Amino acid sequence: MTAKPRIAIIVGSTRPTRYADAPTQWILKQAQARDDLDVEVVDLRDHPLPFFDEIASNLWMPSQNPEAVRWQETIARFDGFIFVVAEYNHSITGVLKNALDQAYKEWARKPFTAIGYGGTGAVRAIEHLRMIGVELQMVSTHAAVHLGGGDFMAVHPAFGNKPIEEVEASLLPSAKTALDELVWWAKATMAAKAAEA
């Protein structure tokens with residue numbers, strides 16, 4: 001029997017006024033309600049990474065910065081990822097892009113999904129994340145969770161300030177599909193890596 005996949009929920013914003021905590025806690029709750037994965041929140045606030053300044057990616061040579069190495073060690077512990085994605089100017093946040101750039105081997109051949117939030121549910125940012133993931137040899141799920149439009153306006157503190165549970169009926173189907181796909185791909189990639197060992 002294959003071990004349950006270890007999944008990191010990566011909080012992709014570090015701004016003091018970020019909204020990321022609400023969708024992070026909501027998707028954590030959805031993941032914890034399942035018995036086919038183990039999940040842990042990994043907050044980029046806890047990883048003060050410099051802007052990528054290594055000679056090359058750690059695919060080619062070891063990183064020198066201690067924070068980059070600590071980040072790589074953190075990511076290496078997981079079999080898959082859920083990214084909490086804000087959309088800044090039609091793309092992902094700078095800190096999330098930098099965190100992706102700070103590792104390579106630790107991302108490769110692992111699956112990911114995302115929960116995005118914003119006016120359009122971060123659809124453009126998640127598409128960019130998927131393109132970056134392909135270059136890092138990751139596997140994207142087909143489904144993602146998009147908290148956008150009227151639902152986002154209802155829950156954002158500057159507008160409706162309602163708890164996310166008040167709009168979750170429109171989020172739960174995509175969350176279930178995204179997590180189902182994430183677990184399937186995590187088990188598949190774990191089995192493939194075990195067969196190569």
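A few notes on this one:
- Number of the exception - ALA33 against (1) under 25 Å from HIS146 (Cβ atoms); (2) touching a residue at least 12 places away in the same chain (Cβ under 8 Å): (2)
- Within the stretch 52-63, if we keep just the residues that are open to solvent by 50 Å² or more (accessible area, probe 1.4 Å) and in contact (Cβ under 8 Å) with a residue 40 or more places away in the chain, the residue that is farthest from ARG6 (Cα to Cα) turns out to be PHE52.
- Pairing residues of the stretch 126-143 that are over 11 Å from VAL85 (Cβ atoms) with residues that are open to solvent by 50 Å² or more (accessible area, probe 1.4 Å), at Cβ distances under 7 Å and at least 6 apart in sequence or on separate chains, gives GLN137/ARG109; VAL139/TRP185; THR141/TRP185; ALA143/THR177.
- Top-ranked residue of the stretch 73-111 - restricted to ones that are over 15 Å from the mean Cα position of the chain (by Cα) and either of a type in the set (Gly, Ala, Ser) or not in a loop (DSSP other than H, G, I, E, B) (or both), ranked as surrounded by the fewest Cβ atoms within 10 Å (Cβ to Cβ): GLU73
- Every listed requirement among (1) without any contact (Cβ under 8 Å) to a residue 24 or more places away in the chain; (2) surrounded by 14 or more Cβ atoms within 10 Å (Cβ to Cβ) is met by ALA68 save one, (1).
- Candidates ILE132, ILE126, filtered to the one that is touching a Lys or Arg at 6+ places or on another chain (Cβ under 8 Å) and part of a helix (DSSP H, G or I): ILE132
- Given (1) polar (S, T, N, Q); (2) on the phi > 0 side of the Ramachandran plot; (3) under 14 Å from the mean Cα position of the chain (by Cα), index of the condition THR24 fails: (2)
- For the stretch 44-51, the criterion of being open to solvent by less than 20 Å² (accessible area, probe 1.4 Å) and either assigned to a helix (DSSP H, G or I) or aromatic (Phe, Trp, Tyr) (or both) is met by at least one residue.
- Residues within the stretch 1-43 that are surrounded by 15 or more Cβ atoms within 10 Å (Cβ to Cβ), part of a loop (DSSP other than H, G, I, E, B) and not charged (D, E, K, R), tallied: 7
- Matching residues, the stretch 153-175, being farther than 15 Å from ALA114 by Cβ and part of a helix (DSSP H, G or I): MET153, ALA154, VAL155, ILE164, GLU165, GLU166, VAL167, GLU168, ALA169, SER170, LEU172, PRO173
- Checking each residue in the stretch 112-161 for being of a type in the set (S, T, N, Q) and open to solvent by 50 Å² or more (accessible area, probe 1.4 Å) picks out THR120, GLN137, ASN161.
The values are calculated or read from the model by the stated rules, or taken from the named source; none is laboratory data. Note that the structure is a prediction, hence the values are computed from the model and not measured. Virtual Cβ from ideal backbone geometry, glycine too; neighbours counted across all protein chains shown. Ligands, DNA and RNA are excluded from the accessible area calculation, which covers all protein heavy atoms including side chains. Shrake-Rupley method; radii C 1.70, N 1.55, O 1.52, S 1.80 Å.
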